[in-house]
Amino acid sequence: MARNQADLILFVLDANTEPNQEELEIAKILRKNSKKVILVANKSDNPQATQNTYNLAQLGFGLPIPVSAIHNFNFSELLQNIEKHLHQLGFKPSKDNLPIISDTIKIAFIGRPNAGKSSLINAILGESRLTVSDIPGTTRDSIDVELTYQNQAFKLIDTAGIRRRGRIEKGIEKYSIFRTIDAIEKADLVCLILDYSVGVRAQDLHISEYVQDNSKGLIIIVNKMDLMEEKETERNRITNLLRHRFDFLSWAPVIFTSAKNKKNIYVIFDVAQQIYTERRKEIDQETLKTALQEIIQAHKPPIKGRTVLRFYDIKQVGINPPTFELLVNDPDINHFSYQRYLENNFRERFGFSGTAIDFIYKPIDPKLARKSISL
Ligand code: GDP
């Protein structure tokens, strides 16, 4: 009855568990229905829940929106999503504040030879949910493919460089580091493709460091999942392994795909869209100051000689990438481990999952340095 009366359906699941039999049944019923369903993954207040939300995409309604009802987390994103869908259904907003998605999300597909980049691009081009809006001639050097998915424009950077290689002799293709660097620099986010049957190599780690240094978003894609047996346990094993190998990138989502069987292809774009939203998130200054105060109180800043690192102010100075400026007495006192503590704490409070965050430590003019944020 509720389904029949609704214009839009919010299907709420627990982010910490696999869907149960009843929920799978409900999903089946909802899939038969033409009404738009938004998946909501509640109790998303721990890292494991965040990873699980990607598994919930198997229900076939795209990626869930993680929220925590108890902690009042992420409701603005849920509301934006509801607004977007109501708008598509022809409802008019009462206020003139509808977010318009007009920017193109630029994605670079990077990975070692044979990881399956060109196969994935071809699978993407064949995916009916993605509308390929433009493939210019295939003879020029750097060719970007533009696509639309759920009203969002995407640009895949330098796919020609990837696709054309397939036609050059296999085995001798050059892995052009310059081309890779160029693509990463142009992108908002990078899909790092790994071959399940090969695993992680030093080059993959270098690339992910470069992604981090350039403050991009990152999705780690483990391709060739069709070669996996015992998929559920194997997925968990690999995810843990990757968390260990890429330990400085605990924030990057891991997606398992099969270009061969065209599995999980469009999920890449769901996740990309989510990361892009995270990259554009803004936190107001009062919230930032309170957070910084609590962070400092919980764990004392480092000391060099006799001087303790003092914080005077914090503000967000940019989006895409999210950039925060911190005014301190002397940036040189800062310590790597404290920076990391601060970043982790920021992520726990504000999300930013799937993207690097930039912190700029600036020395304060001593004349202005009256009262630091209290310790
Ligand atoms: P690229 O060098 O990264 O562009 O890799 P290719 O797309 O050319 O793929 C390299 C090899 O892996 C080819 O033999 C593909 O058929 C194979 N391959 C690509 N994706 C998959 C996949 O999902 N599953 C399996 N089993 N093989 C794949």
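The values are calculated or read from the model by the stated rules, or taken from the named source; none is laboratory data. This structure is a prediction, so every number in the text was calculated from the model and none was measured. Neighbour counts are summed over all protein chains in view; Cβ atoms, including those assigned to glycine, are modelled from backbone coordinates with ideal geometry.
Would you be able to tell me the number of residues in the stretch 247-294 that are assigned to a loop (DSSP other than H, G, I, E, B), within 20 Å of the chain's Cα centre (by Cα) and not charged (D, E, K, R)?
9
Return a yes/no flag: does the stretch 216-224 have any residue that is farther than 19 Å from residue 120 by Cα, touching a helix residue (DSSP H, G or I) at 6+ places or on another chain (Cβ under 9 Å) and not in a strand (DSSP E or B).
Checking the stretch 216-224: at least one residue is farther than 19 Å from residue 120 by Cα, touching a helix residue (DSSP H, G or I) at 6+ places or on another chain (Cβ under 9 Å) and not in a strand (DSSP E or B).
Can you find a residue in the stretch 75-84 that is among the small types (Gly, Ala, Ser), in contact with a helix residue (DSSP H, G or I) (Cβ under 7 Å, 6 or more places away or on another chain) and either closer than 25 Å to residue 257 by Cβ or modelled with pLDDT of 80 or more (or both)?
Among the residues of the stretch 75-84, not one is among the small types (Gly, Ala, Ser), in contact with a helix residue (DSSP H, G or I) (Cβ under 7 Å, 6 or more places away or on another chain) and either closer than 25 Å to residue 257 by Cβ or modelled with pLDDT of 80 or more (or both), which makes the answer no.
Only one residue in 271, 328, 308 is of a type outside the set (Gly, Ala, Ser), in contact with a Pro (Cβ under 7 Å, 6 or more places away or on another chain) and at pLDDT 95 or above, so which one is that?
Exactly one of 271, 328, 308 is of a type outside the set (Gly, Ala, Ser), in contact with a Pro (Cβ under 7 Å, 6 or more places away or on another chain) and at pLDDT 95 or above, namely 271.
Filter the stretch 331-346 down to residues that are out of contact with any His (no Cβ under 7 Å at 6 or more places or on another chain) and surrounded by 15 or more Cβ atoms within 10 Å (Cβ to Cβ), then give me how many there are.
7
Given the condition part of a loop (DSSP other than H, G, I, E, B), closer than 19 Å to residue 56 by Cα and not small (Gly, Ala, Ser), answer yes or no: does some residue in the stretch 238-246 qualify?
no
Looking only at the stretch 32-59, count every residue that is out of contact with any Ser or Thr (no Cβ under 9 Å at 6 or more places or on another chain) and either loosely packed, with under 12 Cβ neighbours inside 10 Å or at positive phi (or both) and tell me the total.
Counting residues in the stretch 32-59 that are out of contact with any Ser or Thr (no Cβ under 9 Å at 6 or more places or on another chain) and either loosely packed, with under 12 Cβ neighbours inside 10 Å or at positive phi (or both) gives 3.
Kindly provide the set of residues from the stretch 215-234 that are touching a residue at least 60 places away in the same chain (Cβ under 8 Å) and of a type outside the set (Val, Ile, Thr), ordered by number. Give the derivation first.
The initial filter retains those residues of the stretch 215-234 that are touching a residue at least 60 places away in the same chain (Cβ under 8 Å), namely 215-219, 221, 223-224.
Residues satisfying the conditions are 215, 216, 217, 218, 223, 224.
Residues in the stretch 212-265 that are within 10 Å of the ligand (Cβ to nearest atom) and of a type in the set (Ser, Thr, Tyr): how many?
Adding up the residues that qualify gives 2.
Residue under question is residue 207, and the condition is that it be closer than 21 Å to residue 120 by Cα and part of a strand (DSSP E or B); does it hold?
In short, no.
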